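Visitor: Shown below is the structure under consideration.
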Amino acid sequence: MRFAVPMMAAALLFGTPALAGTPEEPAGFRMSDYRSPTPAGLAGATTLDTGGARALLAERGAIPINVLKLDRSTLPGGPWLLSRPMRQIPGSLWLPNVGLGEPPEEIGAWFRAALEHLTGGDRGRGLLFYCLADCWMSWNAAKRALLLGYSRVYWYPAGVDGWIEAGLPTEEAKPLPVGAMQP
């Protein structure tokens with residue numbers, strides 16, 4: 001207890017480590033270094049902690065969308081290359097690479113079509129985007145959904161890492177093929 005006051009004074013003087021590493025929200029998309037500290041929020045979206053994400057999904061208030069990056073075969077229309085099993089929040093749809101800063105047109109079109117299909121064209125339907133902790137891919141995908149006119153966009157920055165850390169159940173992730181989920 002005798003160290004509490006000096007530690008609080010140091011935190012006030014120098015800022016807390018968590019806040020010191022929090023970057024400002026950029027005007028555009030994050031284009032590189034996707035695995036790095038993310039902003040505290042996303043303008044226009046609701047940022048959720050693990051408890052908030054769990055409650056939202058329990059009431060079926062949003063469709064969970066995993067946007068973890070994944071390599072793809074170089075063959076035309078090639079499949080995703082999954083080198084090891086991945087985990088995700090139960091009931092999620094995995095749309096790899098839709099959170100790139102500038103996704104290839106094929107991926108961008110697939111993202112738009114998938115959201116249209118998943119929501120039945122209802123831009124007010126809730127969408128929860130996540131990836132891993134300290135990953136800009138979910139931030140980018142959520143921002144892109146906002147720009148497409150979706151109004152109930154949720155961002156879960158702790159991602160599947162935070163979900164697992166909380167001891168919540170997961171399921172094996174299976175990436176959707178590009179072109180799946182057409183409206």
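The values are calculated or read from the model by the stated rules, or taken from the named source; none is laboratory data. Since we're looking at a predicted model, the values are computed, not measured. Glycine gets a Cβ as well: all are built from the backbone with ideal geometry, and neighbour counts include every protein chain shown. Surface accessibility is based on the protein's heavy atoms, side chains included, excluding ligands, DNA and RNA. Shrake-Rupley method; radii C 1.70, N 1.55, O 1.52, S 1.80 Å.
Visitor: Filter region 1-25 down to the residues that are in contact with a helix residue (DSSP H, G or I) (Cβ under 9 Å, 6 or more places away or on another chain) and at pLDDT 50 or above and list them by number.
Guide: A20, E25
Visitor: Ok, one more. Which of the residues spanning region 157-183 are part of a loop (DSSP other than H, G, I, E, B) and more than 22 Å from L82 (Cα to Cα)?
Guide: P157, A158, A166, G167, L168, Q182, P183, listed by residue number.
Visitor: Something else now. What are the residues in region 59-116 that are of a type in the set (G, A, S) and more than 17 Å from A145 (Cβ to Cβ), if any?
Guide: S73, G77, G78, S83, G91
Visitor: Here is a list of conditions, (1) assigned to a loop (DSSP other than H, G, I, E, B); (2) touching a strand residue (DSSP E or B) at 6+ places or on another chain (Cβ under 6 Å); (3) open to solvent by less than 30 Å² (accessible area, probe 1.4 Å), and A53 meets all of them except one; can you say which number that is?
Guide: (1)
Visitor: In addition: Considering only region 161-177, how many residues are over 17 Å from the mean Cα position of the chain (by Cα) and modelled with pLDDT under 95?
Guide: Residues meeting the conditions: 1.
Visitor: Give me the residue from region 66-110 that is of a type in the set (A, V, I, L, M, F, W, C) and free of Cβ contacts under 8 Å to residues at least 12 places away in the same chain and, out of that set, most open to solvent (accessible area, probe 1.4 Å).
Guide: Among those residues, the one meeting the criterion is L75.
Visitor: Output the qualifying pairs, or none if there are none: Cβ atoms under 8 angstrom, residues six or more apart or on different chains, first residue in region 113-127 and of a type outside the set (G, A, S), second residue surrounded by 14 or more Cβ atoms within 10 Å (Cβ to Cβ) and at pLDDT below 95.
Guide: From region 113-127, the pairs are H117/M181; L118/M181.
Visitor: Step by step: first the residues of region 133-156, then only those that are part of a helix (DSSP H, G or I) and within 18 Å of T22 (Cβ to Cβ), then the one that is most open to solvent (accessible area, probe 1.4 Å). Which residue is that?
Guide: K143
Visitor: Can you find a residue in region 110-128 that is in a loop (DSSP other than H, G, I, E, B), over 15 Å from P175 (Cβ atoms) and acidic (D, E)?
Guide: Yes.
Visitor: Please specify each residue of region 65-94 satisfying the condition of being out of contact with any helix residue (DSSP H, G or I) (no Cβ under 8 Å at 6 or more places or on another chain) and of a type in the set (S, T, N, Q).
Guide: Result: S73, T74, S83, S92.
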